[in-house]
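*Asks:* Quick one: the structure is below, questions incoming.
The values are calculated or read from the model by the stated rules, or taken from the named source; none is laboratory data. Computed from a prediction, not measured in an experiment: that's the story for all the values here. No Cβ is skipped: glycine too gets one built from the backbone with ideal geometry, and neighbour counts run over all protein chains shown. The protein model used for the area step is the full one, side chains on, heavy atoms only, and it has no ligands, DNA or RNA in it. Shrake-Rupley method; radii C 1.70, N 1.55, O 1.52, S 1.80 Å.
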Amino acid sequence: PEVKKFVAWDYVVFAGLFLVCASIGVFFAVKERKKKTSKEFLVGGKQMTCGPIAFSLTSSFMSAVTVLGTPSEVYRYGASFILFFLSYALVIIFTAELFLPVFYRSGITSTYEYLELRFNKIVRLAATLIYILQTILYTGIVVYAPSLALNQVTGFDLWGSVVATGIVCTFYCTLGGLKAVVWTDAFQMIVMIVGFVTVLIRGTTLNGGSTKVWEDAYEGSRLNIFDFDADPLRRHTFWTIVIGGTFTWLGLYGVNQSTIQRCISCKSEKHAKLALYLNLLGLWTVLVCAVFCGLVMYSHYKSCDPWTADFISAPDQLMPYFVMDIFSSMPGVPGLFVACAFSGTLSTVAASINALATVTFEDLVKKGFPNLSEKMSTWISKGLCILYGVLCTSMAAAASLLGGVVQASLSIHGMCGGPMLGLFTLGIVFPCANWKGAVGGLLSGITLAFWAGTGSFIYPAPPTKSIPLQLSTLNCTLANSTGTLMAAAPTAAPDRPWLAETWYSLSYLYFSAIGCLGCAITGLSISFITGPNKGEDIPPVLIKPVCDLCCFWSARLRAFLWCGVRHDSQE
């Protein structure tokens, strides 16, 4: 069945969203004209309250990858994705209680300043470069994914939308700084939820109510959520999602510049923590919406799967296809959905550009030219925003070669975020770690994670481990029903090295855990071999005494576990 393309109304709704976004940037640029410091531009002058920040955090991390990826993931593999609500909870608790207090109290703008205070300049530089690489890679995918999916389904021009996204984001980042980013995000979060809810309501009514959808999902075994198989090679089990997912998202959340930059821009530490916990509610809401969309989609297509029937060319296009399908009679609504997917992209890209500009300015430019005038530094910040906008947009062109979008993005985060998480954990939790250990740990963590990651890219896991559930094409009116299904002649399995069956077949959610543990263990060993740090030399602000939790009864034991850091002196 030929699904309808965009009509005039859809374009009107979509353009409306873009205009609102740009005008927010202009509004803040005009309003904040008087305050021209680079601090104000990059961190919002430490005046933000918890509400908008929470919205902003949620909408940045729920990019188009979530809007398009999660429903098709659930459609193909079942609803075990909902278990991420556990990992999100763990991530937020760790971030708010372990990482945030240290960053907030030490008064820094860039998380990597912490590394210099705690270790030295070399560690900071290494971490900064890795972060810049990771963010550009990821942002490229985030720009490319929705453009691809929407292009194939709605006939929206592919490179047109890639370039448009790049231009709009760069534009309102350059004009308005952090405040513009945060408020636009809050607006986009609302658009996203509205888009999801519309799809849910319409999809459920078309498929005979929620009980019917539930029964269909149950019969299609989409509801086997708690799978306690401990095999680390299986793609999504309870353990991979809760443990692997927590590591992956902690690397994304707990130590990521774009999160911490926003939390630091809060009025007080209390506001920052509140923002994180409110943001957890947002994450849960979006997750639940996305999973239910997947189930509704399954119920709708249970007897005719558009992917195996070749109506679409990639599973990421299921969601837009579904939307065009169920709203074909209601002009303007598909436009709202496209706006919803794109607003996810806009917020992520704008946040990344803003964070990249901050990091480059604080960690590279200021180091090279310490005595810049305020006016000059604001101009440099803006120039950096433009530079990174161009870089990320061109990275999207490279992302077109990467293949499966959702997994690629989480893998990149796992491979870069894991070692970084390990590095910050070394700094914050273990007073004895020294800079040699930090550098060694970071390198070994990156090597391990990239080895596993690239391996799994070259030798994809055997299908037995990532079992897509049954999809049928019984009732499809196939355009060319004969030739399509015969094409897959059995090919002889290529010779796979022994590593491919074990190490390379690891669930992609474990990359982060490997990187993190590799970094921490190597770092500690090197520190002990080269002579560990003396606790007395470290300012207590930079260490979080984790041991206080488990030995609150004995002051002496606590003081022993502090490794000589004087936590009692700062009271």
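*Asks:* Which residues, taken from region 161-213, are open to solvent by 50 Å² or more (accessible area, probe 1.4 Å) and out of contact with any helix residue (DSSP H, G or I) (no Cβ under 9 Å at 6 or more places or on another chain)?
*Replies:* Across region 161-213, the qualifying residues are 201, 205, 211.
*Asks:* Could you grab the pairs with beta carbons closer than 8 Å, sequence gap of 6+ or different chains, first residue in region 378-397 and assigned to a helix (DSSP H, G or I), second one open to solvent by 40 Å² or more (accessible area, probe 1.4 Å) and among the charged types (D, E, K, R)?
*Replies:* 378/36
*Asks:* While we're here: Could you say whether any residue in region 383-395 is of a type in the set (Gly, Ala, Ser) and within 23 Å of residue 116 (Cα to Cα)?
*Replies:* Going through region 383-395, the residues of a type in the set (Gly, Ala, Ser) turn out to be 383, 389, 394.
Within this subset, residues satisfying the condition of being within 23 Å of residue 116 (Cα to Cα) are none.
Within region 383-395, none of the residues are of a type in the set (Gly, Ala, Ser) and within 23 Å of residue 116 (Cα to Cα).
*Asks:* Would you pick out the residues in region 493-547 that are among the charged types (D, E, K, R), assigned to a loop (DSSP other than H, G, I, E, B) and either touching a Leu at 6+ places or on another chain (Cβ under 9 Å) or surrounded by 20 or more Cβ atoms within 10 Å (Cβ to Cβ) (or both)?
*Replies:* 544 - this is the single residue of region 493-547 that is among the charged types (D, E, K, R), assigned to a loop (DSSP other than H, G, I, E, B) and either touching a Leu at 6+ places or on another chain (Cβ under 9 Å) or surrounded by 20 or more Cβ atoms within 10 Å (Cβ to Cβ) (or both).
Here's the yes/no breakdown for (1) closer than 22 Å to residue 297 by Cα; (2) polar (S, T, N, Q):
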| site | (1), (2) |
| --- | --- |
| 128 | no, yes |
| 137 | no, no |
| 155 | yes, no |
| 163 | no, no |
| 182 | no, no |
| 197 | yes, no |
| 204 | yes, yes |
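*Asks:* Here's something else I'd like to know. So, of the residues in region 97-119 that are aliphatic (A, V, I, L, M) and assigned to a helix (DSSP H, G or I), which turns out to be most open to solvent (accessible area, probe 1.4 Å)? If you could, list the steps in order and put the result at the bottom.
*Replies:* Start the filter on region 97-119 by keeping residues that are aliphatic (A, V, I, L, M), which leaves 98, 100, 102, 108, 115, 117.
If we keep only those that are assigned to a helix (DSSP H, G or I) too, we end up with 98, 100, 102, 115, 117.
On the way: 98: 27, 100: 0, 102: 4, 115: 0, 117: 99 Å².
Among those residues, the one meeting the criterion is 117.
*Asks:* Only one residue in 122, 92, 136 is under 15 Å from the mean Cα position of the chain (by Cα) and open to solvent by 10 Å² or more (accessible area, probe 1.4 Å). Which one?
*Replies:* Working: 122 fails: under 15 Å from the mean Cα position of the chain (by Cα); 92 fails: open to solvent by 10 Å² or more (accessible area, probe 1.4 Å).
After ruling out the rest, the residue left standing is 136.
*Asks:* Identify, from the list 310, 305, the residue that is in contact with a Leu (Cβ under 6 Å, 6 or more places away or on another chain) and part of a loop (DSSP other than H, G, I, E, B). Steps first, please.
*Replies:* Working: 310 fails: in contact with a Leu (Cβ under 6 Å, 6 or more places away or on another chain).
One residue alone meets the criteria, 305.
*Asks:* I've got another one for you. For a quick check of your reading of the model, give me the residue pairs whose first member lies in region 216-230 and is farther than 14 Å from residue 301 by Cβ and open to solvent by less than 100 Å² (accessible area, probe 1.4 Å), whose second is among the hydroxyl-bearing types (Ser, Thr, Tyr) and in a loop (DSSP other than H, G, I, E, B), with beta-carbon atoms closer than 8 Å and at least 6 apart or on different chains.
*Replies:* What qualifies is 227/237; 229/237; 230/237.
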